[in-house]
Structures are given as C-alpha cells and as structure tokens.
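As structure tokens, the structure follows; a few thoughts come after it.
The values are calculated or read from the model by the stated rules, or taken from the named source; none is laboratory data. The model shown is predicted, which means the values in this text are computed figures rather than measured ones. Here the Cβ positions follow ideal geometry from the backbone for every residue, glycine too, while neighbour counts run over all protein chains shown. These area figures cover heavy atoms from the full protein model, side chains too; ligands, DNA and RNA do not enter into them. Shrake-Rupley method; radii C 1.70, N 1.55, O 1.52, S 1.80 Å.
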Amino acid sequence: MNIVVCLKQVPGTTKVNIDPQTNTLVRQGIKNIVNPFDTYALEEGVRIKERYEGKVTAISMGPPQAEEALREVISTGADEAILLSDSAFAGADTLATSHTLARAINKLKQYDIIICGRQTIDGDTGQVGPELAEMLGIPFVAYVSKIEEIDNGYMRVKRMVEDGHEVIETPLPTVITVVKEINVPRLPSLRGLAKARSAVIPIWTAQELGVDKNMVGLSGSATRVIRVFFPQRVHHGEILQGDLESQANSLIDKLREAKIISGS
Amino acid sequence: MEYFLNEQQKTLKSLARRIAEERILPVRAELDEREEFPWGIMKDLAEADIFRIFIPEEYEGLGGGCFELCLAVEELSRVCSGVAVSYAASALGSFPLLEYGTEEQKQKYLPDIASGKRLAAFALTEPTAGSDASAIKTTAERVKGGYVINGTKQFITNGGEAEIYTVIALTDKARGARGASAFLVEKDTPGFSFGKKEKKMGIRASSTRELVFRNCLVPEENIIGKEGMGFIVTLRLLDRSRPGIGAQAVGLAQGALEAAVDYARKRIQFGHPIISLPVVQNMLADMATNVEAARALTYAVARTIDSGAKKFTEEAAMAKVFASDTAMKVATDAVQIFGGVGYMRDYPIEKMMRDAKITQIYEGSNEVLRSTIAFELRKRKARRE
Ligand SMILES: Cc1cc2nc3c(=O)[nH]c(=O)nc-3n(C[C@H](O)[C@H](O)[C@H](O)COP(=O)(O)OP(=O)(O)OC[C@H]3O[C@@H](n4cnc5c(N)ncnc54)[C@H](O)[C@@H]3O)c2cc1C
C-alpha cells in the first residue's frame, strides 16, 4: 500500500499580522507548526501502513523552512518526505497548489491512498483535497472519520455529514480528507526523532516537476487576494433584567424571535 | 545546572517531558482517584520507544543504561510518580534477565519488553519477608523438566498487569539465603494467579498486588542464572535500580517545587504575594537546593553504574535515601506553602505528598539502607581502603 499524505506548514498562532503591501502573512518571528488537521492525516496514513503494510510518503509545498514540518512527520511515522519548493510556487492559491501537488504525486507514480487534512488553519478553504482528486482523475471522499476496511483495490470509509454518517465504498487509488475525530495522533518516537535528524529530504523544484510556470504560484492562481483585514469586533451582548423567571421568559422569547428554537 | 547530556539524552528528556505534560497531566487526578492502571499511557510510552531505552540494541532496544532510565523516570515522575513507577517496574523486572539471562531467554523476552508489548515485574517480598528478604517461604521444587513453585508474594508492583515476572523462590530450604533462585514466570502459567489488589495512600495509578503460586510448574529453562543465585541476582538488581527510585523522588520533588513557586507568586496575603515573605523564601530556597543536590547525586551514581563500576552498593543506597528524604520534605513543605488549598484534592500537591512517602519505604527502607551504607563504611575501614 502506497500512502501519500499532503501537509502544510502553518503559523502556530492566530495572532498574525498581514503585510499591507502584499496581502500575505508576515511570517518572521512566528513559530511554525504542521497544520493540525494534517497531523490526523499523517497518523491515519501510518495506521493504514501498520495494518496493511506499505509506505507513507509525506509531501509539502512551501518555502525551504517547510522542511522542518517534514522532519517532524518523519519522527511520527512517515517513511519518506518530499518538499516541493521553488520561488515559482510562491503566492499559490488552492488551484495552483493542487496542480503542483498533483504533478508531484504523478511523478511518484505509485499511489493507492492520498490523505489530506480537512482544511488548513491559515487558509481554511478545504479545497486542495477535492481539487487534487479532480486533477488526478480519481475518486474523492471528504470528512472521513473512519477507515473501515481496505481490501482488494477497494476502501470502505465512514464520513461525517451534517446529519450523521455515510459509509462509502470507493475504488483505489482515491483521495480522502480526514476530520479530527478519526484518531489521536501519536507523539514522536525516539527512533523516529533519530531518523528525522538524519533524513535526507529531497526538494523538487518547478523544473523537476516539469510544470508550466503559468500553472503554478501566483501566475497559476485563479484567485487574487484584493484585501485582507481583521473584522471589526462588535459586541451585541445584552443583559436581561428582572427576577429569574422573567429573565428566563424573555430569553425564550428572544431565542424564538431569532428562530433558534421553535414551538410554544 | 549543566549535566552534560548528549544529543540522545536531551531528546529522551524532552520527549519524556512532552508525554508527561500532554498525556499524563490531563488524567493524573482521575487515575489517582480511580486507582486505575495507566494502560493508555503505557501505550504512549511504548509507541515513543521509551521502553527501549534500557534494553541493548541486539534485543531491539536503544542501548541506554541506568542514566537514561533515570532521565525518563524523573520526567514522568515530575507529573505523576504512580505512572512513573509502573513504567520503571518493567525495567526492574527485566534487569535480572539483562544481567544473568541466557541468550535464549533474552531473545525470547527482551524484544517484547523493549517494544512495550509486555510489561515486567519483580517479586521478592512476602507477608513474612520484607526488610528481611531471607525469610521468604515461597519454594521452587525441582521436578522432571522444571520447577514447581508454591507460595505467595506480596506488594508486587505491576502485579496482574505485567506478563513477565521475575520471582525469587527457595530451591533449597536448608541453605537459607543461599538456597534461593530466580525464575521467569509468565502470566497465564497454570497455578499462577493474582490475589488482593492493594488500596494505597499514594502512587495509586500503579498496581500493587499479591501473586499466588499453587503447584505452578515452570520449565527448567526459566531459571535465571543458577540454582542458589537468587539473592545475588536480587542484590545486584536492587543496587542497579535504586538510583531509579532516586530519580522518581527527584522528579516528584521537582514537580512539587515548581508548583510551590508558582503558587507563592500568585497567592496574595497582606497585600503581597506570599513569595515576598522571608519564611516562604527560605523554605523555597532549601527545597530547591536539596532537589538539585539529590539530582546531582542520583545522576552521578547512575553514571558510575553505567561506566562499568563493579561495586556500587553504598552509592546506590545513598542516592535512594537522600533523594527520597528530600522528596518527602519538599512535598510536605510544598503543601505548607499552599496552606489550606494544599490539603484539598482540587490541587495536585496533596497527591505529591502522598506519593512521596513510598520512596522512603520500598526497594529497601531508608533505615535498612542507612545500615547498609554504615556497613560498607565499616568494611572499608577494616580493609584500610
Ligand atoms: C507500594 C509498594 C510497592 C512495592 N513493590 C514491590 C515490588 O514490586 N516487588 C517486591 O518484591 N516488593 C515490593 N514492595 C515491598 C517493599 O519493598 C517492602 O515493603 C519493603 O522492603 C519494606 O518491607 P516491609 O514492608 O515488610 O517492612 P518491614 O520489613 O516490616 O519494616 C518495618 C519497619 O521496620 C524497619 N526495619 C526493619 N528491619 C530493619 C533493619 N534491619 N534495620 C533498620 N530498620 C529496620 C523498617 O525500616 C520499617 O520502617 C512494595 C511495597 C509497597 C508498599
């Protein structure tokens, strides 16, 4: 079983500043982490490997320092890691990112399951997983909360939907995104940490991927960020007066008015 | 303080701390309250390779020694010594095998202990044999193909949870202490069952249980060393493991000290944080000094052992005695600094005081170990060393 996990290095805090000129995050002085949702993707990949044997390859597109994130996932079970890094990849939106990742996965040739986190905590779009599947021309299942069985070129998974769960069977290869309910990611192991320290992480550039520079980075992006701003904090709080009973009654009235509850 | 840890030791220390803070801290009060064996955490430690550190590389370990074990135990104990001792007891149970086991025995058992798949335990104490270990009554009678064990062991850490037990029993009653031998007994061996699970003052996450042997047949290849070597194995084992109890005590004391400093900075009385009171400062200064001294001694002894020293009985006893007395004093003073809330179960500090006490009692009570140290002093004087 060849498992590919796509992950992103993100700022480890929500208190970031936006560069007003470029509309991008100011990354200086901020500790980076592996996107938390991607740690579930990695853990699930490692568990599949432990259950069915195989290999877990972690891929990340990002600046050179994203190598740290890849070393970290080697310490928690990834067998190999590849960094996709090139100045041409800078400023990519989800479309250009997915294109770059898809090219890298094609270059790997052998893949059965591709796992992504449900979304990143910086971009928050949740688009890369489905776009990747589309570009690779393979099935996609979002919000997977359990991998029930993998057998004979098929995989049965449980996924979370608004009002419950769906069980889906899909042929392999396939792309899934996972939710945090799927597992508890392990901590690094001593052997993993030693391996991570000495691991050689290849860097694939635009040239190595053979990509058209108009399909990656800012020039390959279908969207442009016009402006980034912090929403204004508005306080709509209201303190109810009176005795307990009248407070409760007026609370119920207000909830009904707001259509949060119904009936009488 | 600079203890000159190498890269691997630093990695081990920080990983053990991370496990303690991320996995043990959130559940320690509940484990204590419910007296529940920490299987989830044992699994975390196993996955993180922490059981591998005291096993040689040829048996799937990472080839560390006493010092590495101390680093891990100290970090775990800083958060919960009940969990730390459950981990450490597996090392205790496997040391006799490491030192005296045959190649076959090592190949058979050590890889599973290294991976954390199976826990080990060591069983010496009996209802009538505590400090006086030579009073044990459990027997191992030679029969065709093996030994039949009869008797009851008491207060065995990891009892019921471990799968591999090193058991000391008499193969020759007439010869007393020279007639004892060590055996490997696997859980689920017919005739081997578990008795009373103790309800304890502290280290309540750990399991302390009776082992009951009724005509329990173990194959002859399960003897560790030779017949009659039981007490040699035991004494060597305890010399080797006592710095581990020192580390357990140091970690606990460190945790209590940190909690006390934190609280003293925040608690306001008479308009100031209580840490500005000279009496509190004195107490904290003494606590910190003793913790550091205990750590330095424990590390030094562990490193002496790892350096291949032949004899280290008194040094090992010193580390255990000094660190455990320190832990008891520091934890008690920490409760004092917390005042009334320190006495309440809402804060972790009363648990630390309850947990500290055992370090003065097990693996040789401090009174017995002081006489051990004095005995070595006399011997040395007599030899004019
Ligand atoms: C929680 C817990 C876990 C344990 N785990 C294990 C384990 O995994 N394996 C195992 O084999 N045992 C284990 N023990 C047993 C432990 O090692 C003994 O309790 C300890 O050695 C003391 O023996 P005792 O309890 O019989 O006390 P006793 O020997 O009855 O001693 C009582 C008091 O008399 C004093 N005393 C006795 N003899 C002397 C002497 N010669 N000189 C000075 N003072 C003396 C002691 O210091 C002590 O204060 C455990 C005990 C506990 C409480």
> Between B:E367 and B:E58, how many nm apart are label points set 7 Å from Cα along the C-beta direction?
Replying inline: 4.5
> So which residue, out of B:G271, B:G195, B:G364, gets the largest mean-square fluctuation from a GNM of chain B using Cα contacts under 10 Å as springs?
Replying inline: B:G271
>> Between B:F194 and B:H272, what is 0.36 nm times their sequence separation minus the Cα-Cα distance? Round to one decimal in nm.
In response: 22.6 nm
>> Probe radius 1.4 Å, ligands and nucleic acids left out: which of B:Y59, A:Y154 has the largest accessible area, and how do the rest follow?
In response: A:Y154, B:Y59
>> Per residue of region A:46-62, what does 6.51 cos²θ - 1.76 cosθ + 1.60 with θ = phi - 60° give for ³J(HN,Hα)? Whole Hz please, x for Gly and Pro, Karplus curve as stated.
In response: 5, 5, 4, 4, 5, 7, 10, 6, x, 9, 10, 10, 9, 10, 9, 9, x
> Of the beta bridges DSSP finds with both residues in chain A, what % are antiparallel, to the nearest 5?
Replying inline: 45
> Name the residues of region A:175-192 whose accessible area, probed at 1.4 Å, falls by at least 40 Å² once all protein chains are in place instead of their chain on its own?
Replying inline: A:R186, A:L187, A:P188, A:L190, A:R191
> How much length is gained if the chain between B:E292 and B:K43 is pulled fully straight, taking 0.36 nm per residue apart and subtracting their Cα-Cα distance, in nm to one decimal?
Replying inline: 86.5 nm
> How far is helix B:7-19 tilted, in degrees, relative to the longest principal axis of the Cα atoms in chain B, given as a value from 0 to 90 rounded to the nearest 10?
Replying inline: 80
> Which is the longest stretch in chain A that no exposed loop site breaks, taking sites as trypsin sites (Lys or Arg not before Pro) with a DSSP loop state and at most 16 other Cβ atoms within 10 Å?
Replying inline: A:110-212
> In percent, what relative contact order does chain A have, based on Cα pairs under 8 Å that are 6 or more apart in sequence?
Replying inline: 23
>> Residues of region A:15-55 with backbone nitrogen within less than 12 Å of a virtual label 7 Å along the Cα-to-Cβ line of A:L218, please, listed as ranges.
In response: A:21-24
>> Please list, ordered by chain and number, the residues whose modelled amide H lies under 5 Å from the amide H of B:S207; skip anything fewer than 5 residues away on the same chain.
In response: B:N158
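Based on DSSP H runs of at least 4 residues, each adding -39500 (n - 2.57), what is the mean residue ellipticity at 222 nm of the protein assembly as shown after dividing by all its residues, to the nearest 500 deg cm²/dmol?
-13500 deg cm²/dmol
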>> Please compute the per residue accessible area over region B:96-229 with all protein chains in place, 1.4 Å probe, rounded to a whole number of Å².
In response: 43
> When the Karplus curve 6.51 cos²θ - 1.76 cosθ + 1.60 is applied with θ = phi - 60°, which whole-Hz ³J(HN,Hα) does each residue of region B:298-311 get, with x for Gly and Pro?
Replying inline: 4, 4, 4, 5, 4, 6, 4, 4, 5, 6, x, 4, 7, 10
> Counting other Cβ atoms within 10 Å of each Cβ, which GluC sites (Glu not before Pro) in region B:299-373 have at most 14 and sit in a DSSP loop?
Replying inline: none
> Using the beta-carbon distance between A:Q110 and A:Y154 and R0 = 25 Å, what value does 1/(1 + (r/R0)^6) give for FRET efficiency, to the nearest 0.05?
Replying inline: 0.90
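Compare A:H236, A:H99, B:H272 by solvent-accessible area with a 1.4 Å probe and give them largest first, with all protein chains kept in place.
If we order A:H236, A:H99, B:H272 from most to least accessible, we get A:H236, B:H272, A:H99.
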> Cα to Cα, under 18 Å, and not fewer than 8 places away if on the same chain: which aspartates and glutamates meet these conditions relative to B:K226?
Replying inline: B:E99, B:E103, B:E104, B:E141, B:D172
>> Please report the accessible area of B:K266 (heavy atoms, 1.4 Å probe, ligands and nucleic acids excluded) in Å², nearest 10.
In response: 130
>> Can you tell me the orientation of helix B:313-338 relative to chain B, as the angle in degrees between its alpha-carbon axis and the longest Cα principal axis, to the nearest 10?
In response: 40
> How high is the relative contact order of region B:7-119, in percent, with contacts defined as C-alpha pairs under 8 Å that are six or more residues apart?
Replying inline: 32
> Using a simple spin-label model with points 7 Å from Cα along the Cα→Cβ vector, what separation in nm is obtained for A:V225 and A:I203?
Replying inline: 2.3
